[in-house]
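Notes to accompany the following structure.
The values are calculated or read from the model by the stated rules, or taken from the named source; none is laboratory data. Please read all numbers here as calculations on a predicted model, not as lab measurements. Positions of Cβ are backbone-derived with ideal geometry, glycine not excepted, and every protein chain shown enters the neighbour counts. In case anyone asks, the SASA skips ligands and DNA or RNA and just uses the protein heavy atoms, side chains included. Shrake-Rupley method; radii C 1.70, N 1.55, O 1.52, S 1.80 Å.
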Amino acid sequence: MNFSVTILGSGAALPTKNRMPSAQYVNCNGRHFLIDCAEGTQIQLRKYKINFQKISHIFISHLHGDHYFGLVGLLSTMNLLGRDKELTVYGPNELEALIKPMLQFGGSRLSFNIHFVKLDMNGETTIYEDEIVEVHSFPMAHKIPTCGFLIKEKPKPLKIDPHKIKEYDLKIEHFKALQNARDIILESGEKYKYQELTLPPQKALSYAYCSDTKKSLAISKNITRATVLYHEATFLIKDQKRANSTTHSTTKDAAEIAIDAKVEKLVVGHISSRYKTNEEHLKELKEIFSNSEVAEDGMCIDLTKV
Ligand SMILES: [Zn+2]
């Protein structure tokens, strides 16, 4: 089991030597996702030793440059390195029209297909699903249409209780039935309820990404009980007015959403370059929500250990 998030860019607005703007790599049980793709993302992927040809789906939250100006460069490099695997890119309506001409005017033909998918910026939508993982998008409250994303594991199978099955001669189909909460009948004719032979399943983990947004309690219902919430906290409490006028959040806003949504852990990012250290952010967060951290470039969040 593997569910981890590598923060490639934890800063707001512009690249600095301490923080690059928004991008994250998510490995969820062998599914390789990129969320946002700011300027410099391909360099960050190299720096943190992530094989970017593995990435199969890219989710772009909105069309402020600090969330997608790295996309053309990354696609171009994927092409130069001979990618042949299809790539799906989710984003606002206009994303395809912005990106495609930039690739086409260069005259080179891409060696792989890019499948653009328009996000519904107004309601919650399941945008990706397979047998063990699903991804949802949902609207946030920002200056332009913006989506958050929830990546979550599907409910896991029940665990077989090794002590209780010792005395029975179970076949593969019995195991499968029990794991999927179905009763079984042995060859001898004996019947067993699945509850007699199983233990509760492992918890299904989930990761919520909410950047950029002002504080919006409406978001909580989309991310309820997430294992980890990454929420923007561009500003400290003393700069609340600036947060309001730019439709961004403060530490207090992010921590209050973490409480309202009953998440287990909060990581804040999209930090303004006006702040030189994390200390004040961390202090303000922990006064409201103790299980908080401030993101830094290169940080790896292991959801299996939260
Ligand atoms: Zn923005």
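Below is a table of values for the structure above.
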read-out: Whether the range 72-190 is rounded, prolate or oblate, judged on the alpha carbon gyration tensor where a/c under 1.5 counts as rounded; value: prolate
read-out: Accessible-area value, L186, 1.4 Å probe, nucleic acids and ligands omitted, Å²; value: 20 Å²
read-out: The range 184-214 residues near the modelled I172 label - backbone nitrogen below 16 Å, point 7 Å along Cα→Cβ; value: none
read-out: Proximal charge balance of D260 [Cβ under 10 Å; K/R count +1, D/E count -1]; value: +2
read-out: Alpha carbon centroid spacing (whole Å) that separates the range 238-292 from the range 166-205; value: 46 Å
read-out: Accessible area of the chain divided out per residue, in Å², using a probe of 1.4 angstrom; value: 48 Å²
read-out: Helix-only CD estimate at 222 nm, as mean residue ellipticity for the chain, using -39500 (n - 2.57) per DSSP H run (n ≥ 4); value: -6000 deg cm²/dmol
read-out: Burial ranking of peptide ranges 226-238, 12-24 (average Cβ count within 10 Å, highest at the top); value: 226-238, 12-24
read-out: Mean separation of Cα contacts under 8 Å (6+ apart) over length of the chain, as relative contact order %; value: 17 percent
read-out: Accessible surface of Y275 - all protein chains present, 1.4 Å probe, nearest 10 Å²; value: 30 Å²
read-out: Size of electric dipole in the range 245-292: Cβ of Lys, Arg +1 and of Asp, Glu -1, about Cα centre, debye, nearest 20; value: 140 debye
read-out: Paramagnetic reach from V306 (point 7 Å along Cα→Cβ, amide N under 17 Å) across the range 214-244; value: 219-233
read-out: The chain shape via C-alpha gyration tensor axes, a/c threshold 1.5; value: oblate
read-out: For the chain, size of Cβ-based charge dipole, Lys and Arg +1, Asp and Glu -1, in debye; value: 500 debye
read-out: Within a Gaussian network of the chain (alpha carbon springs, distance under 10 Å), most fluctuating of Y194, Y207, Y168; value: Y168
read-out: C-alpha long axis of helix 95-104 to longest principal axis of the chain, angle in °; value: 70 degrees
read-out: Computed magnitude of the charge dipole of the range 159-199 (debye, nearest 20; Cβ of K, R +1, Cβ of D, E -1); value: 180 debye
